[in-house]
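S.K.: Below are the structure tokens for one structure; questions will follow.
The values are calculated or read from the model by the stated rules, or taken from the named source; none is laboratory data. Treat the numbers as computed from the prediction; the structure is a model and nothing was measured. Heads up, the Cβs are rebuilt from the backbone with ideal geometry, glycines too, and the neighbour counts pull from every protein chain shown. All accessible areas refer to the heavy atoms of the entire protein, side chains included, with ligands and DNA or RNA removed. Shrake-Rupley method; radii C 1.70, N 1.55, O 1.52, S 1.80 Å.
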Amino acid sequence: GYELDGARFLTRRPDRLVVGLRTASGTPAVGKLYPAGGGETAFGNMLALWRSSFGERRDPPGLARPIEYLGGVAILVMEHLGGRPLVELDYLADGAFESSVELLAALHGCDAVLPSVPRSAPRIVKSLRRKAARIAELAPEYAAGYRAAVDAVEAAQPRDAELVCCHGDFSPRNVL
């Protein structure tokens with residue numbers, strides 16, 4: 001029920017193919033391939049967020065409307081919003097940082113209940129440590145700074161509190 005539309009996405013993850021699609025009715029959509037799995041979980045989380053105060057009840061919504069997950073080909077299909085990710089623009093311009101923080105705060109404060117596994121503060125530090133090894137491999141010039149930041153997070157590790165929705169990769173490339 002989808003056709004490729006040739007849309008190009010300059011900013012994307014190196015490990016995930018992203019394609020422009022058109023629905024049967026001609027609506028622009030985006031397909032994200034999940035060859036290593038996890039697409040069904042991502043779709044479930046997106047759907048829960050869409051139905052929350054962060055999604056369809058927010059003006060504008062905080063995320064693209066999820067359309068469906070095609071398990072046979074491991075593709076998550078969502079609405080294509082158009083526009084450019086913040087990283088492709090002048091994200092240091094007046095108001096851009098503040099708007100991004102407001103979006104993140106809206107995510108943390110929304111009423112969504114996600115079916116994901118909760119992550120404690122020690123597990124988050126453990127995850128950050130795993131990422132440190134990958135950063136050292138891909139961008140050694142940033143490794144020492146990243147390790148110092150992880151050490152600071154570990155030293156200031158707060159008690160676990162109320163769980164909130166969190167974007168695991170909140171960066172300028174993920175803010176539209």
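S.K.: Looking only at the stretch 128-137, decide whether some residue is touching a helix residue (DSSP H, G or I) at 6+ places or on another chain (Cβ under 9 Å), in a loop (DSSP other than H, G, I, E, B) and not charged (D, E, K, R).
M.R.: No; the residues of the stretch 128-137 include none that is touching a helix residue (DSSP H, G or I) at 6+ places or on another chain (Cβ under 9 Å), in a loop (DSSP other than H, G, I, E, B) and not charged (D, E, K, R).
S.K.: Related question: Out of curiosity, is residue 81 surrounded by 12 or more Cβ atoms within 10 Å (Cβ to Cβ) and either in contact with a Phe, Trp or Tyr (Cβ under 8 Å, 6 or more places away or on another chain) or over 30 Å from residue 36 (Cα atoms) (or both)? Step through it out loud before you land on a result.
M.R.: Working: surrounded by 12 or more Cβ atoms within 10 Å (Cβ to Cβ): yes; either in contact with a Phe, Trp or Tyr (Cβ under 8 Å, 6 or more places away or on another chain) or over 30 Å from residue 36 (Cα atoms) (or both): no.
No, not satisfied.
S.K.: Here is a list: 154, 141. Which entry is part of a helix (DSSP H, G or I) and either free of Cβ contacts under 8 Å to residues at least 12 places away in the same chain or within 30 Å of residue 51 (Cβ to Cβ) (or both)?
M.R.: Numbers: 154 fails: either free of Cβ contacts under 8 Å to residues at least 12 places away in the same chain or within 30 Å of residue 51 (Cβ to Cβ) (or both).
None of the others qualify; the one that does is 141.
S.K.: For residue 57, state whether it is open to solvent by 90 Å² or more (accessible area, probe 1.4 Å), at pLDDT below 85 and assigned to a loop (DSSP other than H, G, I, E, B). Before the answer, list the steps.
M.R.: Values: open to solvent by 90 Å² or more (accessible area, probe 1.4 Å): yes; at pLDDT below 85: no; assigned to a loop (DSSP other than H, G, I, E, B): yes.
Here the answer is no, as residue 57 does not meet what is asked.
S.K.: Which of the residues spanning the stretch 66-111 are in a strand (DSSP E or B) and aliphatic (A, V, I, L, M)? Can you show your working first?
M.R.: Start the filter on the stretch 66-111 by keeping residues that are in a strand (DSSP E or B), which leaves 66-70, 75-79.
Correct list: 67, 70, 75, 76, 77, 78.
S.K.: For the stretch 34-74, enumerate the residues that are within 19 Å of residue 24 (Cβ to Cβ), within 16 Å of the chain's Cα centre (by Cα) and aliphatic (A, V, I, L, M).
M.R.: Of everything in the stretch 34-74, just one residue is within 19 Å of residue 24 (Cβ to Cβ), within 16 Å of the chain's Cα centre (by Cα) and aliphatic (A, V, I, L, M), namely 64.
S.K.: For residue 7, are the conditions met, namely being under 13 Å from residue 77 (Cα atoms), open to solvent by less than 90 Å² (accessible area, probe 1.4 Å) and small (Gly, Ala, Ser)? Can you show your working first?
M.R.: Values: under 13 Å from residue 77 (Cα atoms): no; open to solvent by less than 90 Å² (accessible area, probe 1.4 Å): yes; small (Gly, Ala, Ser): yes.
For residue 7, the condition - under 13 Å from residue 77 (Cα atoms), open to solvent by less than 90 Å² (accessible area, probe 1.4 Å) and small (Gly, Ala, Ser) - is not met.
S.K.: Follow-up. When you go through (1) outside any strand (DSSP E or B); (2) open to solvent by less than 50 Å² (accessible area, probe 1.4 Å); (3) in contact with a strand residue (DSSP E or B) (Cβ under 7 Å, 6 or more places away or on another chain) one by one for residue 40, which number turns out not to apply?
M.R.: If we test residue 40 against (1) outside any strand (DSSP E or B); (2) open to solvent by less than 50 Å² (accessible area, probe 1.4 Å); (3) in contact with a strand residue (DSSP E or B) (Cβ under 7 Å, 6 or more places away or on another chain), just (2) comes out false.
S.K.: Turning to a different aspect of this structure: Just one of the numbered conditions (1) within 21 Å of residue 104 (Cα to Cα); (2) in contact with a Leu (Cβ under 6 Å, 6 or more places away or on another chain) is not true of residue 13; which one?
M.R.: (2)
S.K.: Could you list, in sequence order, all residues of the stretch 91-101 that are modelled with pLDDT of 75 or more and either open to solvent by 60 Å² or more (accessible area, probe 1.4 Å) or among the charged types (D, E, K, R) (or both)?
M.R.: Listed by number, the residues that qualify are 94, 97, 98, 99, 101.
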